[in-house]
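The values are calculated or read from the model by the stated rules, or taken from the named source; none is laboratory data. Quick caveat: nothing in here was measured; it's all calculated off a predicted structure. As a convention, Cβ positions derive from the backbone with ideal geometry for all residues, glycine included, and neighbour counts pool all protein chains shown. For the accessible areas, the whole protein counts, side chains as well, though only heavy atoms, and no ligand, DNA or RNA atoms are used. Shrake-Rupley method; radii C 1.70, N 1.55, O 1.52, S 1.80 Å.
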Amino acid sequence: MQNRPPLTPRQPAPDHSAEPGIGLADALAAVVTSARRRALRDGDRQIDTAHLLHSLIESDPEVRAAFDGGPQLARVLGYLVQRSIGYGLRWQGAVEDSGATPSVTDGRAEGWSPSVASAMAGASRRARDCGREQAGALDLLAALAADPGSRAVEVLERAGVDAALLASRIVQVSGRG
């Protein structure tokens, strides 16, 4: 008799293609997909800002360059990795809503926490303000760093990262405001 691995619950991938104002560059769409896998693996109902931060750091060299060197980046990744083995366990089963913007209640951002929906909208606004149709990784990192009540900023602060300073470094690295 063979032992079968337990079934992993599947969550349908939200279709964000029709969402107004959320034009994602291909690389950023891959970050969202990675964050979704991370959320499912962690047993979370929704992608939160810490999932996005983790996926951004792992996938984009410009995002890594926005941090103040390797030790700072290593501390941030250390907190993110610890999420499923201790740090962040209090987040399980709770919906992230920093209150930065009104909660999304119309179902368009199903599978995203309200804070993620806000960060995505902020990234899209930043891209439009810079004359681009699609948001990129640095746009999203800037939006994540701008929400002081988000889980991403909590992780950054615990790792000793000043989110406001990070946001200004993003402008320097990207050359855009």
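Convert each backbone phi in the range 120-128 into a coupling constant with the Karplus relation 6.51 cos²θ - 1.76 cosθ + 1.60 (shift: θ = phi - 60°), then list the ³J(HN,Hα) values in order as whole Hz, x for Gly and Pro.
Once rounded to whole Hz, the list reads 5, 5, x, 5, 5, 4, 4, 4, 4.
For Leu28, what charge total do you get from the other residues with a beta carbon under 9 Å from its beta carbon, if Lys and Arg give +1 and Asp and Glu give -1?
Net local charge, Leu28 excluded: -3.
What do you reckon, how do Glu154, Glu58 stack up by accessible area (1.4 Å probe), largest on top? Could the numbers behind the result be given before it?
Numbers: Glu154 45, Glu58 105 Å².
Largest accessible area first, the residues go Glu58, Glu154.
Please list Asp26, Asp68, Asp44 in order of solvent-accessible area, largest first, computed with a 1.4 Å probe with all protein chains present.
Descending accessible area places them as Asp26, Asp68, Asp44.
Could you work out how much longer the chain between Arg45 and Ala27 gets when fully extended? Use 0.36 nm per residue separation minus the Cα distance between them, nm to one decimal.
4.1 nm is the gain from fully extending Arg45 to Ala27.
If amide H atoms are built 1.01 Å from N in the plane of the peptide, which residues on other chains or at least 5 residues away come under 5 Å of the amide H of Leu24?
Here the answer is Ala135, since their amide H atoms fall under 5 Å of that of Leu24.
Quick check: convex hull of the Cα atoms in the range 124-165, volume per residue, rounded to a whole Å³?
67
What is the calculated FRET efficiency for Glu133 to Arg158, with r their C-beta to C-beta distance and R₀ = 45 Å, to the nearest 0.05?
The pair Glu133/Arg158 has a calculated efficiency of 0.80.
Taking θ = phi - 60°, what integer Hz values does the Karplus form 6.51 cos²θ - 1.76 cosθ + 1.60 yield along the range 49-63, in sequence order, with x for Gly and Pro?
5, 5, 4, 5, 4, 4, 5, 4, 4, 5, 9, 10, x, 5, 5
From the phi of every residue in the range 69-82, what ³J(HN,Hα) in whole Hz does the Karplus formula 6.51 cos²θ - 1.76 cosθ + 1.60 yield, where θ is phi - 60° and glycine or proline is x?
Running phi through 6.51 cos²θ - 1.76 cosθ + 1.60 with θ = phi - 60° gives x, x, x, 5, 4, 5, 5, 4, 4, x, 5, 5, 5, 6 Hz.
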